[in-house]
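The values are calculated or read from the model by the stated rules, or taken from the named source; none is laboratory data. On a predicted model such as this, the values are computed, not experimentally measured, just so you know. Counting neighbours? That spans all protein chains shown, and the Cβs are built from the backbone with ideal geometry, glycine included.
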Amino acid sequence: MRTLNHRCVVADVVRPRCYYPNRHVMRTLLALVLLVHQALHAELREFPEQTQSLLRQRLEASIAASGTLGASVAVRRDVLQWVSAAGSSTPNSPALSTMAWGIGSITKLLAAACIMRAVEEGRLRLDETVESRIGVQQNVAGDVTIRDLLKHTSGLGDYSESQQYRSTVATRPDSIWPLAELLRLIPPPKAAAGSGFEYTNTNYLLVTAVLEHVYNEPFAAILRRIILEPTRAETSWMGGIEPERANVATRWLGDRSGENIPYVAVMSGASAAGGMMSTAEDLAAIIDAIARGTIVGQPTLDSMLPRSGEVYGLGIMNLEPFGEGTFGHTGSIRGYTSIALHVPDVRVTIVVLCNRSTADPRVIARELLAVVTSMTVSVLDHRSPQSASDAPYQTDEVVRVLDVLGREYQTRLLTCGGSLEASGLCPGVYMLGSRSGWRTVWFDGSRVIPHP
């Protein structure tokens, strides 16, 4: 990708031979352009070493608790990033962060963003009926709107629960599903359009058809142009439809390995409802870009978010158990489970990809989130790392207290026998540094626990 040569551009602007109508205006506009360019392409840095160590420990400790064999994760906060993997892909090979995993229904969030881009471009209106765009479809009522598809209020039955679909996936795992054939599997509706929330994959199968009609190109090409290329998600693709762009983590159907079972039918049959393959790092970049309003504008993103009391917005789940205002999506597709979330208040994005159908990626996500958002303590006393006693410093010491992002919270001169105190703050994780070295501590609300 070509980069802007800032030095040359600035030089051209300020030379007397340039004939801009208003040189001051042009300089201001150029400065704004450069700021935007830098903001969109800010170089990511690693979390401080102590924070990475904590994240690694929590990841490894939570693998078994989540029920997965392996997991790939990515954590972002502002321009800081940590990418890792733990556990196994097969009994004889480790899970790697460079591997791609099925992200399941997180694909729906990306497809919804593509629809909203079409709305921004004036190509589509949310209150148009599906029928007005792609014609009459089997068992799809004429009053089902595109908004109904995004919000799961169409009342439609789920094509992926049909016996024909399940049988084909099981007996012909290497077959590619044509979209037209999938549309013929839509069963009778469960409710009237607009009558209430009913999650069904059929909604996003129809989203695929609408997008392909609007842009006159395959969904995979639309997704790549609108989302994957701008976010440089080079190891992401529509499974079963596009060529593989990375080694694929082995999926596990309970205790049965899917290593030698093709995923072509599963992924191509899921379409925009769940057929994308990705790495945790790629997916974190995508979710972060959506959250920053760079895929669709901020007003459009705001309109997609679930309102108070809603479990689902326009392709976006309410994930407030992870923190007020948290949004994103979960995913599950034959051997893979996943979660991608964004916490706006602290600008944290977390992606967890697991390779077992019964795994709960939320367990791992909670552990990682606790590390990167626990930055303050209520009462922080120094304790000897060798004992559980309340032993104070034996000599005068300057002690630096850093949060898990490596930012300094306070620096205190502690006299012999003194203690470090920071009232009115929350439990969490801190690094203490003095001339005797660094160590990490957890504060549980009442006492400091040296971290192993």
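Considering each residue of region 66-75 in turn, none proves to be at pLDDT 50 or above, loosely packed, with under 11 Cβ neighbours inside 10 Å and assigned to a loop (DSSP other than H, G, I, E, B).
Looking across region 100-112, the residues that are part of a helix (DSSP H, G or I) and either closer than 24 Å to Gly142 by Cα or hydroxyl-bearing (Ser, Thr, Tyr) (or both) come down to Thr107, Lys108, Ala111, Ala112. Within region 208-218, can one find any residue that is closer than 28 Å to Gly258 by Cα, of a type outside the set (Gly, Ala, Ser), surrounded by 20 or more Cβ atoms within 10 Å (Cβ to Cβ) and under 28 Å from the mean Cα position of the chain (by Cα)? Within region 208-218, one or more residues are closer than 28 Å to Gly258 by Cα, of a type outside the set (Gly, Ala, Ser), surrounded by 20 or more Cβ atoms within 10 Å (Cβ to Cβ) and under 28 Å from the mean Cα position of the chain (by Cα).
Every residue, every condition in (1) within 16 Å of Arg76 (Cα to Cα); (2) surrounded by fewer than 21 Cβ atoms within 10 Å (Cβ to Cβ); (3) modelled with pLDDT under 50; (4) not assigned by TED's automatic domain parsing to the domain that holds Gly254, yes or no:
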| position | (1), (2), (3), (4) |
| --- | --- |
| Asp360 | no, yes, no, no |
| Ala365 | yes, no, no, no |
| Ser384 | no, yes, yes, yes |
| Ser387 | no, yes, yes, yes |
| Glu408 | no, yes, no, yes |
| Leu414 | no, yes, yes, yes |
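When the residues of region 334-347 are filtered to those that are β-branched (Val, Ile, Thr) and at pLDDT below 95, the one that is nearest to Arg77 (Cα to Cα) is Val346.
Scanning region 99-143 for residues that are small (Gly, Ala, Ser), more than 17 Å from His213 (Cβ to Cβ) and out of contact with any Pro (no Cβ under 8 Å at 6 or more places or on another chain) yields a total of 5. Could you identify the single residue in Glu212, Glu217, Glu181 that is assigned by TED's automatic domain parsing to the domain that holds Thr330 and part of a loop (DSSP other than H, G, I, E, B)? So the residue among Glu212, Glu217, Glu181 that is assigned by TED's automatic domain parsing to the domain that holds Thr330 and part of a loop (DSSP other than H, G, I, E, B) is Glu217.
Yes or no, residue by residue, for (1) free of Cβ contacts under 8 Å to residues at least 40 places away in the same chain; (2) surrounded by fewer than 20 Cβ atoms within 10 Å (Cβ to Cβ); (3) not hydrophobic (A, V, I, L, M, F, W, C):
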site: Leu96; (1), (2), (3): no, yes, no
site: Thr107; (1), (2), (3): no, no, yes
site: Glu120; (1), (2), (3): no, yes, yes
site: Ile134; (1), (2), (3): no, yes, no
site: Gly142; (1), (2), (3): yes, yes, yes
site: Arg166; (1), (2), (3): yes, yes, yes
site: Ala170; (1), (2), (3): yes, yes, no
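Would you check if Ala85 is at pLDDT 90 or above, within 18 Å of the chain's Cα centre (by Cα), among the small types (Gly, Ala, Ser) and surrounded by 12 or more Cβ atoms within 10 Å (Cβ to Cβ)? For Ala85, the condition - at pLDDT 90 or above, within 18 Å of the chain's Cα centre (by Cα), among the small types (Gly, Ala, Ser) and surrounded by 12 or more Cβ atoms within 10 Å (Cβ to Cβ) - is met. Show the residue pairs meeting these rules: Cβ distance below 9 Å; 6+ apart or different chains; first residue within region 265-283 and surrounded by fewer than 24 Cβ atoms within 10 Å (Cβ to Cβ); second residue of a type in the set (Phe, Trp, Tyr). What qualifies is Ala265/Trp177; Ser268/Trp177.
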